[in-house]
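The values are calculated or read from the model by the stated rules, or taken from the named source; none is laboratory data. Note that this is a predicted model, so its numbers are computed, not measured. With ideal geometry, Cβ positions are generated from the backbone for all residues, glycine too; neighbour counts draw on all protein chains shown.
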Amino acid sequence: MSQAPGWKARAAQWFREGFVPVPAYRWEWFFMRLFFAVVVVREFLKDHPYQDTDQKGPNGIAQFFDLTWLHAGWDFETRLGNGWFFHAFLAIAVVCMLCYVAGKGLPVVLPIVALLHTLIRTYANSQGGIGHSHQIVTLGLLAQVGVAWWVWGWQRWHKKPYPFRPGIDIRGYYIYYTQAVVAATYVVAGLSKLFNSMGLWVWNAPYLSYDLVKSQRQEYYELLNPAYAGNPFYAFWVVEHPMLSRMMAGGAFFLELFALLALKNRPWALAIGLGMIVLHRSIYAVMHLEFANNEALLAIFLVNVPYWLWWTWQKVVARRKELPLPN
């Protein structure tokens, strides 16, 4: 009898299979475009992102270009009168995203929306404080711009269809590289923790109690809600149970560090995506920090609920009718 391969052989085979795009259904990519378009348009509907009229701390492209002209025509108080930038940017974004959902003109509409989003969020990040709750949307747009332009440029240059991998078309590439940038944001966060702490981030986890207290105080002074008065009990728990806090922080840390495993296949993307959403929910519960855009893109491109609902339904139907299960 042949002996089953050992774990080393299975691991070697797992890595030899590589990380490549998987086939995507038309309806699957349509739902992703639809949900992503909602996220993008919502970005253009958000409240006033500017606190001042100048660039106190130029960030990104604002270091090279003056973006204060954006404020001159942006009236967020009434969204009327001279606020023509708001209306113009919103109208352009809506039209472009409608084309995007319809699958038309992606090499044109995607860079337009990416540029507009980059402008307003870069200016918002140049007011003296930098936030990182919007850049994942820009990165998602830029990833898809890269795919659209690369395939379009290659086909124009070579005068023939792009040589996709067998069984794959451009839908799989759009999804794969969007997943890549979403996962990469967490890898960068993990590496930042690793380098800035000189490798001691997990060991120093009990010191997170200071951040927990700070977040609670900030929430109280911002809302003046008595529910946030005093110190949170979990801040003391972290100090009193240092090894458990290190284990919990270590799980989150390694989840971030190895987030690119989501590119392996659909089950890995589902597991990483759900893990990240649980992590964000946990952070919101104890620190009141919400990253709605991150959770939305994780749900859309990694968790991919429509596909797994379809897969579950197919599995049930296949069992009842004794048909082959879907791959």
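Within region 262-284, can you find the residues that are in contact (Cβ under 8 Å) with a residue 24 or more places away in the chain and of a type in the set (A, V, I, L, M, F, W, C)? Hits for region 262-284 are Ala262, Leu263, Ala269, Leu270, Ile272, Leu274, Met276, Ile277, Leu279.
Residue-wise test of (1) at pLDDT 65 or above; (2) on the phi < 0 side of the Ramachandran plot; (3) surrounded by 14 or more Cβ atoms within 10 Å (Cβ to Cβ).
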| residue | (1), (2), (3) |
| --- | --- |
| Pro166 | yes, yes, no |
| Tyr176 | yes, yes, yes |
| Ala183 | yes, yes, yes |
| Gly190 | yes, yes, yes |
| Asn196 | yes, yes, no |
| Val202 | yes, yes, yes |
| Ala205 | yes, yes, yes |
| Leu223 | no, yes, no |
| Phe233 | no, yes, no |
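Take the conditions at pLDDT 75 or above and outside any helix (DSSP H, G or I) and apply them to Trp268. Does it pass? So Trp268 does not fit the description; no.
To keep it simple, each residue is scored yes or no on (1) assigned to a helix (DSSP H, G or I); (2) among the hydrophobic types (A, V, I, L, M, F, W, C).
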position	(1), (2)
Phe89	yes, yes
Tyr100	yes, no
Val113	yes, yes
Gly128	no, no
Gln144	yes, no
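Apart from one condition, Leu289 fits all of (1) touching a residue at least 12 places away in the same chain (Cβ under 8 Å); (2) part of a helix (DSSP H, G or I); the exception is (2).
Residue-wise test of (1) over 27 Å from Gln144 (Cβ atoms); (2) assigned to a loop (DSSP other than H, G, I, E, B); (3) at pLDDT 85 or above.
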position	(1), (2), (3)
Lys8	yes, no, no
Gln13	yes, no, no
Phe19	no, yes, no
Val38	no, no, yes
Phe44	no, no, yes
